[in-house]
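> Please see the structure below; I have some questions.
The values are calculated or read from the model by the stated rules, or taken from the named source; none is laboratory data. Note that the structure is a prediction, hence the values are computed from the model and not measured. Glycine also receives a Cβ, built like all others from the backbone with ideal geometry; neighbour counts cover every protein chain displayed. We work out accessible area using only protein heavy atoms, side chains counted, and drop any ligands, DNA or RNA first. Shrake-Rupley method; radii C 1.70, N 1.55, O 1.52, S 1.80 Å.
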Amino acid sequence: MFDSVRFRLTLWYTGVLAFVLVCLSLGTYWLVKRTTERRTFISLAEISEGFLTTLQAEYKDQLNENYGGDPLRAAAQESLEEFRLRDHRFAVLDSSGNVLAQNQALPAPRAPAEAAPQPEISADVLRDIIAGTVQAPRRLQDLMIGREHFRARVLQAEVGGSTVSIVSMESLERERELLQDIRATLLWVIPITLLIASAGGYFLARKTLAPVVDMSEKAALIGAQNLHERLPVQNPRDELGYLASTFNELLERLDRSFEQQRRFMADASHELRSPVAIIRGEAEVALSQPR
């Protein structure tokens, strides 16, 4: 079985299909990953601009109301209250790296009531994020807050004559769960697909090579006594039909050669019969006389 053409064809077919599936899966996974990263970048850019607009408006309101205290800090706290979003966190720092305000993301709709509160982000971590974007302002940075992965973007702008840094962070848990589901799906889809394809490939190879087996069995039964028989030609236009026709032509030439041999032997036997009979008769007469 393992030395048959059907088995080798099935192995080749399965190997090529496995290579194609692996390449397609890797390409799909990379494309989904790039798409989610780009979506996160666009989302953080839009949210950062919207938060900046809200912060500037709140700062003007604080100046007009003249409540006293630090209007920039108050404006940052008011803006953060308005920008409490699910899977997003924000922090506002002044030009000296001091945290003016930060908030937490809204809990998930089905989060348990006794779920642990989200940890606050230390000022050192926020300053490191800001320092990492000095050379690349559009760069996104990944960080861990508790057990949750976030991706952060820094937007620096002027608010009331002071430079502030807005750190917008989006949770990557949904993205990670999506990629994990894709990996898990591919890990069981590819083997099942290869198993089904291998079975189908072996069946097709067996079906395709069945005429070859029939021709081999028919050719094994043809000998000198039945050289007039021929192999069946199902489709003379395909490769198997061409092979059968070629073999039939070979049988035709062999049949003609055997027929010529039989004719020659019959003619030679006829020509030698009379001389041999005369020689035999004279030898018998000579042997019957005394020496």
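> Calculate the FRET efficiency for VAL5 and LEU227 from the Cβ-Cβ distance with a Förster distance of 41 Å, rounded to the nearest 0.05. Numbers along the way, then the final one.
Values: r = 28 Å, r/R0 = 0.68.
Step by step, r from the Cβ atoms, then E = 0.90.
> Measuring with a 1.4 Å probe in the full set of protein chains, what accessible area per residue, in whole Å², belongs to the chain?
Per residue, the chain has an accessible area of 68 Å².
> Sticking with this one: Summing +1 for each Lys or Arg and -1 for each Asp or Glu, what net charge is found among the other residues whose Cβ lies under 14 Å from the Cβ of GLY201?
Charge balance in the 14 Å sphere: +4.
> Mind putting a number on the dipole of the range 213-291 about its Cα centre? Charges go on the C-beta only, +1 for Lys and Arg and -1 for Asp and Glu, and I need it in Debye to the nearest 20.
380
> Next question. Counting only GluC sites (Glu not before Pro) that sit in a DSSP loop (anything but H, G, I, E, B) with at most 16 other Cβ atoms within 10 Å, what is the longest stretch of the chain containing none of them?
1-113
> With just the Cα atoms defining each centre, how far is the range 151-171 from the range 211-265? Give it in Å.
The two parts, judged by their Cα centres, are 87 Å apart.
> Could you rank MET169, MET265 by how accessible they are, 1.4 Å probe, largest area first?
In descending accessible area the options line up as MET265, MET169.
> Using DSSP, restrict attention to beta bridges with both residues in the chain and report what percent are antiparallel, rounded to the nearest 5.
Here the antiparallel bridges make up roughly 95 percent for the chain.
> Moving to a separate point now. Taking 0.36 nm per intervening residue step and subtracting the Cα-Cα distance, what contour gain separates GLN234 from ASN64 on full extension? Show your work: numbers first, answer last.
Values: separation 170, 0.36 × 170 = 61.20 nm, distance 9.61 nm.
Between GLN234 and ASN64, full extension yields an extra 51.6 nm.
> Find me the longest stretch of the chain that has none of the exposed chymotrypsin sites (Phe, Trp or Tyr not before Pro), where exposed means in a DSSP loop (not H, G, I, E or B) with at most 12 other Cβ atoms within 10 Å.
Within the chain, the longest run free of exposed chymotrypsin sites (Phe, Trp or Tyr not before Pro) spans 68-291.
> Multiply the residue gap between ILE279 and ILE192 by 0.36 nm, knock off their C-alpha separation, and tell me the result in nm, one decimal place. Write out the running numbers ahead of the final one.
On the way: separation 87, 0.36 × 87 = 31.32 nm, distance 8.52 nm.
Extending this stretch completely gives an extra 22.8 nm.
> Could you compute the net charge surrounding ARG262? Neighbours are other residues with a C-beta less than 13 Å from the C-beta of ARG262; K and R count +1, D and E count -1.
-1
> On the accessible surface of the chain, probed at 1.4 Å, how many percent belong to carbon and sulfur atoms?
Of the solvent-accessible surface of the chain, carbon and sulfur hold 59 percent.
> Okay, moving on. Go through [x] 58; [y] 73; [z] 66 and flag the label whose value is the computed percent of Cα pairs over 24 Å apart for this structure.
Recomputing percent of Cα pairs over 24 Å apart here picks out [y].
> Next up: Which helices pass in the chain if a helix is a full DSSP H run, must span at least 18 angstrom along its long axis by Cα, and must have mean Kyte-Doolittle hydropathy not below 0.0?
Answer set is 5-65, 173-220.
> Using only the heavy atoms of the protein chains and a 1.4 Å probe, how would ILE166, ILE42 rank by accessible area, largest first?
Result, largest first: ILE42, ILE166.
> Here is a further query. Pick from PRO275, PRO119, PRO191: which is most flexible by mean-square fluctuation in a GNM of the chain where alpha carbon atoms under 10 Å apart are linked?
Of PRO275, PRO119, PRO191, the most mobile in the Gaussian network model is PRO275.
> Can you give the net charge of the other residues whose Cβ lies under 11 Å from the Cβ of GLN77, counting K and R as +1 and D and E as -1?
My count for the surroundings of GLN77 gives -4.
> Any idea which of VAL276, ILE121, GLN102 is furthest toward the positive side of the dipole for the chain, if Lys and Arg beta-carbons carry +1 and Asp and Glu beta-carbons -1?
The residue sitting most towards the positive pole is VAL276.
> So, one more: Report, ordered by chain and residue number, the lysines lying within cross-link reach of LYS207, taken as a straight Cα distance under 22 Å and ignoring same-chain residues fewer than 8 apart.
Those lysines meeting the cut-off are LYS218.
> For a quick check, take a GNM of the chain with Cα springs below 10 Å and name the residue from LEU155, LEU21, LEU209 with the largest mean-square fluctuation.
LEU209
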